[in-house]
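Here's the structure we're looking at; comments come further down.
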Amino acid sequence: MEKYNITKYPGLKPKIVVIGGGTGLSTLLRGLKKYTPNITAIVTVADDGGSSGNLRKELGILPPGDIRACLLALANTEPSMEKLLNYRFQDGVLNSHNLGNLLIAAMNDIYGSFEEAIKEMSNVLAVTGKVLPMTLSEVNLCAILKNGDIVKGESKIPQKVLDSKSNIDRIYMEPQLLFPLEEALEEIACADLIVLGPGSLYTSIIPNLLVENIVTKIKESKAKKIYISNIMTQSGETDFFKLYDHVDAILKHSNENFLDYVIGNLEKIDDDILGKYIEDGSKFVEIGESDLEKLEEKNIAFIGQELVSIENGYVRHNTKKLSQILISIAGSTMDVKKI
């Protein structure tokens, strides 16, 4: 099994564009910033639930939650500041609102645009790299289920899937014509690596691919394109999905020759941790021979490693190992063979 060790590439600081949202993206960014300062996160803005969703409805701004999480992941600031910006009010008119989200909303008012608000927050937090929204347009995420039902609203999709016992067939945006930031396209064009995930497949990763011209620009980029598979399935979104089912969904919303590599976890999880996830409807993402055969048919290289990190009882990716793999892929001039 080939080992991925960045000591083979001393001083390498590749330009990496990471696309997604949610906990998975911010977790990866925390690890990746230790190896390269040249990071751009392109983040979904389809969230319509929680504090972000409420601010979106009340103030008419783009949902700031995933943006805030990525800014803090890339920030070079005191732990007390991070704790402050992650603080969530428990009572009164601010109940459930996150202080960091409110600060971004204030920046939006002060500087007159969401894009400028993010740049100013980046300056305040001394952010390594860039955080960019996938679009500046207000969007509504919709899903077509396999039974033909249509669900409108990101927060409503998982429950509808569970209630109808019908998986997602395809997602789309309203409005369907959405334009990305020109800066995002420029970062994609000059990237060494373009990374999708880890994160919620249909609500964090794929929505970014639905923005006009994003798939084309990613395909045209000379960067190596990588998908990091989730370790666990997500209830109401990827129930019973194996590794290739995740990949197939991405290809279905982009094109057949979209990915060069898939990174998957080979490490088992203790039964006591796994049991909690099973109770919540999640399962271990299986990687079988048929998955590997399908990847090979698509000319997608598979990189399998032990990637589990348990944090406060939750399954996360080991970002140190992931980062080392990504840096090594950027530095390698040889094809990675299936492991």
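Coordinate-derived values only; no laboratory data. Predicted model, so just to flag it, every value in this text is computed and none were measured. Neighbour counts are summed over all protein chains in view; Cβ atoms, including those assigned to glycine, are modelled from backbone coordinates with ideal geometry.
Express in whole angstrom the spacing between the alpha-carbon centres of segment 23-62 and segment 156-207.
If we compute the Cα centre of each part, the gap is 13 Å.
Please return the longest stretch of the chain lacking exposed loop sites, where chymotrypsin sites (Phe, Trp or Tyr not before Pro) count only if DSSP places them in a loop and at most 13 other Cβ atoms lie within 10 Å.
88-239
For the chain, modelled as a GNM with alpha-carbon contacts under 10 angstrom, which of I61, I329, I273 fluctuates the most?
Most flexible of the set in this elastic network: I273.
So for the chain: antiparallel DSSP bridges make up what percent, rounded to the nearest 5?
The antiparallel fraction comes to roughly 40 percent.
For a test of the definition: using alpha carbon positions, the gyration tensor, and the 1.5 limit on a/c, classify segment 225-339 as rounded, prolate or oblate.
Judged from the Cα gyration tensor, segment 225-339 comes out oblate (a/c at least 1.5, b/c at or above a/b).
Using a ≥ b ≥ c from the Cα gyration tensor of segment 94-218 (square roots of the eigenvalues), is it rounded, prolate or oblate, where a/c under 1.5 gives rounded and otherwise the larger of a/b and b/c decides, a/b for prolate?
Oblate, since a/c reaches 1.5 and b/c is not below a/b.
When N counts the residues of segment 49-129, how does its alpha-carbon radius of gyration compare numerically with 2.2 N^0.38 Å, as a ratio?
1.03
What does the helix-only formula give at 222 nm for the chain: each DSSP H stretch with n ≥ 4 adding -39500 (n - 2.57), the total divided by the residues, and the result rounded to the nearest 500 deg cm²/dmol?
Numbers: 14 runs with 130 residues, N = 339.
Value at 222 nm, helices only, nearest 500: -11000 deg cm²/dmol.
Can you give the Rg to Rh ratio for the chain, taking only C-alpha atoms and Rh from Kirkwood?
0.94
For segment 97-167, state which GluC sites (Glu not before Pro) are in a DSSP loop and have at most 14 other beta carbons lying within 10 Å of their beta carbon.
On the way: sites: E115, E116, E120, E138, E154; in loops: E138.
For GluC sites (Glu not before Pro) across segment 97-167 that sit outside H, G, I, E and B with at most 14 neighbouring Cβ atoms in 10 Å, the list is empty.
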